[in-house]
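Worksheet: the structure to be examined is printed underneath.
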Amino acid sequence: MARASPALSVFRRCGTPNLPELPDIDLYIGRLYERVHGQKLEHVRIANPFFVRSVEPPLNTAEGRNVRSLRRIGKRVAIGLEGDLWLLIHLMVAGRLQWREEQVTLKGKQQLAAFDFSSGTLLITEAGTKKRASLYLLDGEDALKAHKPGGLEPLDCQLDEFCERLNRGNHTLKRALTDPYLFSGIGNAYSDEILHAARLSPVKLTHKLGNEEKQRLYDAIRTVLKDWSERLRQEAPDEFPKKVTAFKKDMAVHGRFGEPCPCATHRYNAYATRAMRPTTAPGARPAGRSLPIAHYPGCSKRIGRNP
């Protein structure tokens, strides 16, 4: 049987695309902290029962407890309540958080649930027909840790830790960066930006990286994630984020297929499937070969343009 190419494997084996990622989730948590920390969770209202994935403890046991902490667990939002209970929210691709100063009536298919605090209401919505967002009520730190994929926190690790994690398997860079078991909080959009900043191809294999390339990648991760975290905070200094999207107009690469590269005279090429569409500039090609433009299995259509 013919071996699948690294370019194809990146789509078959990477996770779900375009989830809110580390900068987006950190912004959510920062704005939630300002609004709900120390406040009482008065009521939990569920419009879609499939949103709730846990049975014990019962969801109504969260009511009447004050919020003690908020955390990011990978791409999830964790709200800690009195008595060491945790509400764990995974927004997946189309899920979003909204804040309302007053209690709202749940209506429509997009509204999944509402958490009524003494300070306002946190509304969870999900667009589209595929409802993938989830909510767990967990009892204790051990239960919360069981939901951690184990990825390394990219902004807290040292270079040697980063290199050790990168070398655990021989994967494409795109897959390695977006694997939650390797690195925490990085998804489809920011991995494109990171690889562009590092001037590395998304299909280059991790075991083929030299020390200088690993240093560039490490530096690019920290720069891109910190810069975008700060940029998102400045765009809405006091407001709760209203438009969290993977396609941001100031991104250098992601979502800009066919547009001019800001640092070259080429136009972007892209590998595309219905699940993921990493975009790369021609200057990031692996040495000695060109980026393939092909109709992969699962593609919605042939995509790609010669520079």
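Rule-based calculations on the coordinates, nothing more; no lab input. The structure presented is a predicted model; accordingly, all values stated were derived computationally and were not measured. As a convention, Cβ positions derive from the backbone with ideal geometry for all residues, glycine included, and neighbour counts pool all protein chains shown.
For every other residue with a beta carbon closer than 11 angstrom to the beta carbon of Asp116, add +1 if it is Lys or Arg and -1 if Asp or Glu, then tell me the sum.
Surrounding charge for Asp116 is 0.
Could you list, bin by bin from short to long, the percent of Cα-Cα pairs of region 24-79 in 5 Å steps?
4, 17, 22, 24, 25, 9
Using the count of nearby Cβ atoms within 10 Å as a rough guide to exposure, how do Lys242, Lys204, Lys109 rank from fewest to most?
Least to most surrounded, the residues fall as Lys242, Lys109, Lys204.
Calculate the translational D of region 148-187 in whole µm² s⁻¹ from Stokes-Einstein, where the hydrodynamic radius comes from the Kirkwood formula applied to all Cα pairs, the temperature is 20 °C and the viscosity 1.002 mPa s.
It diffuses with D of about 215 µm²/s by this estimate.
Compute the normalised compactness of region 37-145: alpha-carbon radius of gyration over 2.2 N^0.38 Å, N being the residue count.
That works out to 0.99 for region 37-145.
Taking a cut-off of 26 Å between Cα atoms, list the lysines near Lys214, but don't count ones fewer than 8 places away on the same chain.
By straight Cα distance, Lys214 reaches Lys75, Lys148, Lys174, Lys204, Lys226.
What ranking do Val36, Val224 get, fewest neighbouring Cβ atoms within 10 angstrom at the top?
Fewest-to-most Cβ neighbours within 10 Å comes out as Val36, Val224.
Using +1 on the beta carbon of Lys and Arg, -1 on that of Asp and Glu, and nothing else charged, what's the dipole of region 37-145 about the Cα centre, debye to 20?
In debye, rounded to 20, region 37-145 gives about 660.
Starting from the Cα of Asp219, step 7 Å along the direction of its Cβ; do the same at Glu259; then give the gap between the two resulting points in nm.
2.6
Given 0.36 nm per residue, what is the gain on full extension from Val104 to Glu212 after removing their alpha carbon distance, in nm?
So the extension gain works out to 33.5 nm.
Under 5 Å between amide H atoms, partner at least 5 residues away or on a different chain: which partners does Glu42 have, H built in plane at 1.01 Å?
Gly64, Asp116, Phe117, Ser118
By the scheme Lys and Arg +1, Asp and Glu -1, what is the net charge of all other residues having a beta-carbon under 12 Å from that of Cys157?
Residues near Cys157 contribute -3 overall.
Charges on Cβ only, +1 for Lys and Arg, -1 for Asp and Glu, centred on the Cα centroid of region 96-184; of Leu135, Gly120, Ser184, which one is farthest towards the dipole's positive end?
Positive-end residue among those listed: Leu135.
What is the gain in length, in nm to one decimal, between Asn170 and Arg132 on full extension, counting 0.36 nm per residue of separation less the C-alpha to C-alpha distance?
Net length gain for the segment: 10.7 nm.
Using Cβ contacts closer than 10 Å as the measure, can you line up Asp142, Asp192 from fewest to most?
Asp142, Asp192
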